[in-house]
Amino acid sequence: MKNEWPLWEIFIRGQHGMSHRHVGSLHAPDAEMAIKNARDVYTRRNEGVSIWVVEAKHISATAPGDKGPLFEPSESKIYRHPTFFDIPEEVGSM
Amino acid sequence: MYAQMIKTASAGVKSREEMTDQEREFQDKIDNDIKIEPRDWMPDDYRRTLIRQIGQHAHSEVVGQLPEGNWITRAPTLERKAILLAKVQDEAGHGLYLYSAAETLGESRDELVRLLHEGRMKYSSIFNYPTLNWADIGAVGWLVDGAAIVNQVALQRTSYGPYSRAMIRICKEESFHARQGYHAIMKMAFGTPEQTRQAQSAVDRLWFPAIMMFGPTDADSTNSDQSMAWKIKVKSNDELRQQFVDQTVPQIEYLGLDLPDPNIKWNEERGHYDFSDPDWSEFFNVIKGNGPCNVDRMKDRVAAWDDGEWVRDGLLAHAQKKAAAKVAAE
Ligand SMILES: [Fe+2]
Ligand SMILES: [Fe+2]
């Protein structure tokens with residue numbers, strides 16, 4: 001139908017000082033209403049203490065086909081993990 | 001279920017040899033329980049079938065508000081009224097989660113709503129039955145949401161990521177629905193003789209419509225093989241129906257009510273309850289639009305949409321005007 005409200009992506013910070021996390025989307029005419037609707041839809045059971053809304057069309061994303069070139073190189077760089085290094089026990093915790 | 005008799009768009013399940021490389025890669029992901037995400041490649045028929053199923057599921061959540069909304073103003077206490085309001089509000093949210101999931105497949109919510117209003121999409125048959133007394137509201141939460149839970153718990157494992165996530169979220173809210181319903185009907189079943197009679201009447205009237213929610217028997221569910229192979233459907237209609245009957249019979253017995261079907265009997269050999277088939281001709285008739293409330297339900301939905309048009313348009317015009325003023329000021 002002609003006058004469809006734009007789509008917004010909703011991010012909520014949970015109770016425990018975590019980052020905002022994507023929880024879903026909804027339609028709203030503007031940001032203010034998107035926040036009101038998000039509060040009604042996504043925080044009815046103490047799920048959050050803060051809401052971000054972003055109009056979906058403003059989100060850029062990686063393409064599924066780029067998964068290999070983007071993320072596979074890190075698989076071979078095992079020295080980036082602390083467990084790569086054997087530290088003698090005498091040294092103590094590190 | 002909330003999505004019944006979804007016609008799977010498919011010419012039949014292909015063997016691995018018949019699949020293209022892309023299709024094989026896709027099927028491998030599904031077989032390995034890797035979720036399909038919105039921008040991943042998927043067969044057109046997978047997309048089409050999912051839109052139908054998720055759309056019908058969404059419509060059911062929304063239309064499902066009507067039989068319960070019927071009792072909000074007449075709930076027996078303020079507390080029951082607040083509970084029922086919260087429950088019905090949840091259902092609106094469930095509709096929204098599901099429309100959002102369908103939208104990730106490229107079908108807009110307004111388009112799905114239009115198809116529903118034009119009679120080209122369906123919602124669950126169960127919502128075409130009336131809620132005649134207060135015990136019906138208890139029975140709806142307990143039996144109808146209870147049946148929906150059996151289906152939705154299975155669907156948490158569905159292959160399409162956004163659908164699966166919507167199901168997980170919905171399931172978290174559903175147990176409130178079932179419990180508040182059972183709590184309400186407990187009060188009735190253990191109440192005055194008249195209240196007990198109403199509780200019995202609710203169970204007697206809603207039992208068969210509730211077990212119809214799972215859709216036709218497996219023998220009559222042609223072309224669900226492809227949906228199973230794609231994990232759009234996770235368990236068969238008969239499997240889910242049996243699971244529901246097994247969990248519900250002891251709950252009816254606890255209420256001290258008569259079983260709504262004389263053939264319900266524990267079958268030691270099968271380890272399940274036996275029960276009668278519902279009248280499938282009634283089911284198909286309701287699906288076709290001839291249930292007791294089909295006409296009213298659609299009339300109410302269309303009226304709600306039409307009556308809300310000036311609000312939708314007004315808010316959008318206001319937002320556009322504000323945005324334009326902001327641009328001009330910059
Ligand atoms: Fe629901
Ligand atoms: Fe529910």
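Given B:I126, B:I149, which one is within 12 Å of ligand 2 (Cβ to nearest atom) and either open to solvent by 30 Å² or more (accessible area, probe 1.4 Å) or within 14 Å of chain A (Cβ to nearest Cβ) (or both)?
On the way: B:I126 fails: either open to solvent by 30 Å² or more (accessible area, probe 1.4 Å) or within 14 Å of chain A (Cβ to nearest Cβ) (or both).
That would be B:I149, the only listed residue that is within 12 Å of ligand 2 (Cβ to nearest atom) and either open to solvent by 30 Å² or more (accessible area, probe 1.4 Å) or within 14 Å of chain A (Cβ to nearest Cβ) (or both).
From the set of residues in region B:183-236 that are touching a Leu at 6+ places or on another chain (Cβ under 9 Å), among the hydrophobic types (A, V, I, L, M, F, W, C) and surrounded by fewer than 21 Cβ atoms within 10 Å (Cβ to Cβ), which is nearest to B:D33 (Cα to Cα)?
Within region B:183-236, the match that is nearest to B:D33 (Cα to Cα) is B:V234.
From the list A:V23, A:V41, A:V49, A:V54, exactly one residue is away from every other protein chain (no Cβ under 11 Å), aliphatic (A, V, I, L, M) and either surrounded by 14 or more Cβ atoms within 10 Å (Cβ to Cβ) or within 30 Å of B:E107 (Cβ to Cβ) (or both). Which is it?
Details: A:V23 fails: away from every other protein chain (no Cβ under 11 Å); A:V41 fails: away from every other protein chain (no Cβ under 11 Å); A:V49 fails: either surrounded by 14 or more Cβ atoms within 10 Å (Cβ to Cβ) or within 30 Å of B:E107 (Cβ to Cβ) (or both).
None of the other options fit; the residue is A:V54.
Listed residues B:L98, B:L78; which is more than 22 Å from B:C293 (Cα to Cα), more than 16 Å from ligand 2 (Cβ to nearest atom), at pLDDT 95 or above and more than 9 Å from every other protein chain (Cβ to nearest Cβ)?
Sole residue among the options that is more than 22 Å from B:C293 (Cα to Cα), more than 16 Å from ligand 2 (Cβ to nearest atom), at pLDDT 95 or above and more than 9 Å from every other protein chain (Cβ to nearest Cβ): B:L78.
Here are some conditions: (1) closer than 14 Å to B:Q56 by Cα; (2) surrounded by fewer than 17 Cβ atoms within 10 Å (Cβ to Cβ). B:E107 meets all but one. Which one does it not meet?
(2)
Filter region B:30-65 down to the residues that are open to solvent by 40 Å² or more (accessible area, probe 1.4 Å) and touching a Leu at 6+ places or on another chain (Cβ under 6 Å) and list them by number.
Across region B:30-65, the qualifying residue is only B:R47.
From B:Q251, B:Q226, which residue is under 30 Å from B:P193 (Cβ atoms) and of a type in the set (S, T, N, Q)?
Unique residue meeting the criteria: B:Q251.
Return only the number of the condition from (1) within 18 Å of B:R39 (Cα to Cα); (2) in contact with a helix residue (DSSP H, G or I) (Cβ under 8 Å, 6 or more places away or on another chain) that A:K57 does not satisfy.
(2)
Could you pull out the residue among B:L105, B:L116, B:L143 that is within 14 Å of ligand 1 (Cβ to nearest atom), touching a helix residue (DSSP H, G or I) at 6+ places or on another chain (Cβ under 9 Å) and either under 19 Å from B:M5 (Cα atoms) or in contact (Cβ under 8 Å) with a residue 12 or more places away in the chain (or both)?
Exactly one residue qualifies, and that residue is B:L143.
Looking at region B:66-91, which of its residues are open to solvent by 40 Å² or more (accessible area, probe 1.4 Å) and part of a helix (DSSP H, G or I)?
Let us first name the residues in region B:66-91 that are open to solvent by 40 Å² or more (accessible area, probe 1.4 Å), namely B:66, B:70, B:73-74, B:76-79, B:81-83, B:85, B:89.
Scanning region B:66-91 gives B:L66, B:T73, B:R74, B:L78, B:E79, B:K81, B:A82, B:I83, B:L85, B:Q89.
Let's see how each residue does on (1) among the aliphatic types (A, V, I, L, M); (2) within 12 Å of another protein chain (Cβ to nearest Cβ); (3) within 17 Å of B:A166 (Cβ to Cβ):
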site: A:P6; (1), (2), (3): no, yes, no
site: A:I10; (1), (2), (3): yes, yes, yes
site: A:H16; (1), (2), (3): no, no, no
site: A:S19; (1), (2), (3): no, no, no
site: A:H27; (1), (2), (3): no, yes, yes
site: A:M33; (1), (2), (3): yes, yes, no
site: A:K36; (1), (2), (3): no, yes, no
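Suppose we filter region B:301-325 for residues that are surrounded by 13 or more Cβ atoms within 10 Å (Cβ to Cβ), over 16 Å from B:S124 (Cβ atoms) and more than 10 Å from every other protein chain (Cβ to nearest Cβ); how many remain?
1
Has region B:239-254 got at least one residue that is open to solvent by 80 Å² or more (accessible area, probe 1.4 Å), over 30 Å from B:V113 (Cα atoms) and at pLDDT below 95?
Scanning region B:239-254 turns up no residue that is open to solvent by 80 Å² or more (accessible area, probe 1.4 Å), over 30 Å from B:V113 (Cα atoms) and at pLDDT below 95.
When you scan region B:30-42, do you find a residue that is within 30 Å of A:S60 (Cα to Cα), in a helix (DSSP H, G or I), in contact with a Lys or Arg (Cβ under 6 Å, 6 or more places away or on another chain) and away from ligand 2 (no atom under 16 Å from the Cβ), even just one?
Yes.
The values are calculated or read from the model by the stated rules, or taken from the named source; none is laboratory data. Owing to the predicted nature of the structure, the values given are computational and were not obtained by experimental measurement. No Cβ is skipped: glycine too gets one built from the backbone with ideal geometry, and neighbour counts run over all protein chains shown. Remember, those area values only see protein heavy atoms, side chains included, never the ligands or the DNA or RNA. Shrake-Rupley method; radii C 1.70, N 1.55, O 1.52, S 1.80 Å.
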